[in-house]
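Comments concern the structure below.
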Amino acid sequence: MKNIGLTCVALCLLTAPAFALDRELEELNRTVFQSVDLNRNGVLSLREVDLFRQDVMISQDYDDDGVVTAEEHLEWDMGWNHLAETRGVADLYRQARQRVFDAWDTNHDGVLDKEEQTLSQSRDFYTALITATCLSISRHLNRT
Ligand SMILES: [Ca+2]
Ligand SMILES: [Ca+2]
Ligand SMILES: [Ca+2]
């Protein structure tokens with residue numbers, strides 16, 4: 001098995017809501033975030049996310065054929081599988097990850113190529129950025 005090395009933010013942030021937010025999950029998410037935040041400024045840039053994406057693609061492609069199958073995608077993990085199993089939600093977590101894979105597999109050929117990973121994760125990055133901006137504006141408006 002390959003050394004996973006760095007991490008997964010897009011995947012994990014998409015699937016994390018399957019769990020109740022708690023201290024253990026927060027710590028795991030913080031560790032993942034810090035592994036992606038290469039310059040330690042507390043913000044994930046598109047470049048950092050792209051470097052992370054490349055690492056995830058290499059890490060998930062267990063047989064080095066240049067594409068990621070659903071099985072490879074589901075096998076890859078940074079600790080969320082363990083949390084899901086210990087909390088009895090492993091099936092829900094696996095279903096959520098399968099849905100992420102299906103959403104990213106835009107041509108529905110059953111594998112993720114480099115282009116699909118790049119486009120999907122860039123889209124997820126901007127979606128997260130827009131969501132965070134909207135939440136920030138909403139909080140600001142609620143304070144005033
Ligand atoms: Ca950063
Ligand atoms: Ca592969
Ligand atoms: Ca595909």
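Residue count for region 55-76, restricted to those that are touching a Ser or Thr at 6+ places or on another chain (Cβ under 8 Å) and β-branched (Val, Ile, Thr): 1. Among the criteria (1) assigned to a helix (DSSP H, G or I); (2) aliphatic (A, V, I, L, M); (3) modelled with pLDDT of 85 or more, the one residue 25 does not fulfil is (3). Only one entry of 67, 49, 43 meets the criterion of being within 16 Å of ligand 2 (Cβ to nearest atom) and of a type in the set (A, V, I, L, M), and that entry is 67. Figure legend. Inter-residue proximity from region 33-56: first residues more than 17 Å from residue 128 (Cβ to Cβ), second residues part of a loop (DSSP other than H, G, I, E, B) and at pLDDT 85 or above, beta-carbon distance below 9 Å, spacing 6+ or different chains. Indicated pairs: 38/45; 39/45.
With respect to residue 110, is the statement that it is in contact (Cβ under 8 Å) with a residue 24 or more places away in the chain and more than 16 Å from ligand 3 (Cβ to nearest atom) true? Taking the combined requirement at face value, the residue does not satisfy it. Scoring residue 51 on the criteria (1) more than 16 Å from ligand 1 (Cβ to nearest atom); (2) out of contact with any Ser or Thr (no Cβ under 8 Å at 6 or more places or on another chain); (3) within 19 Å of residue 36 (Cβ to Cβ) leaves a single failure, condition (1). Candidates are the residues of region 70-87 that are at pLDDT 90 or above and of a type in the set (A, V, I, L, M, F, W, C); the one that is farthest from ligand 2 (Cβ to nearest atom) is 74.
Just to be sure before I move on: is residue 66 touching an Asp or Glu at 6+ places or on another chain (Cβ under 8 Å) and of a type in the set (Gly, Ala, Ser) in the structure I sent? Spelling it out, residue 66 is indeed touching an Asp or Glu at 6+ places or on another chain (Cβ under 8 Å) and of a type in the set (Gly, Ala, Ser). Evaluate the following for residue 96: is it among the aliphatic types (A, V, I, L, M), out of contact with any Asp or Glu (no Cβ under 8 Å at 6 or more places or on another chain) and touching a residue at least 12 places away in the same chain (Cβ under 8 Å)? Yes; evaluated as a whole, the condition is true for this residue. Hey, can you tell me all the residues within region 108-144 that are loosely packed, with under 10 Cβ neighbours inside 10 Å and either hydrophobic (A, V, I, L, M, F, W, C) or under 14 Å from residue 54 (Cα atoms) (or both)? Answer for region 108-144, where residues must be loosely packed, with under 10 Cβ neighbours inside 10 Å and either hydrophobic (A, V, I, L, M, F, W, C) or under 14 Å from residue 54 (Cα atoms) (or both): just 141.
The values are calculated or read from the model by the stated rules, or taken from the named source; none is laboratory data. From a predicted model like this one, the values you see are computed outputs, not experimental measurements. For neighbour counting, all protein chains shown are included, and Cβ atoms are generated from backbone atoms with ideal geometry for every residue, glycine included.
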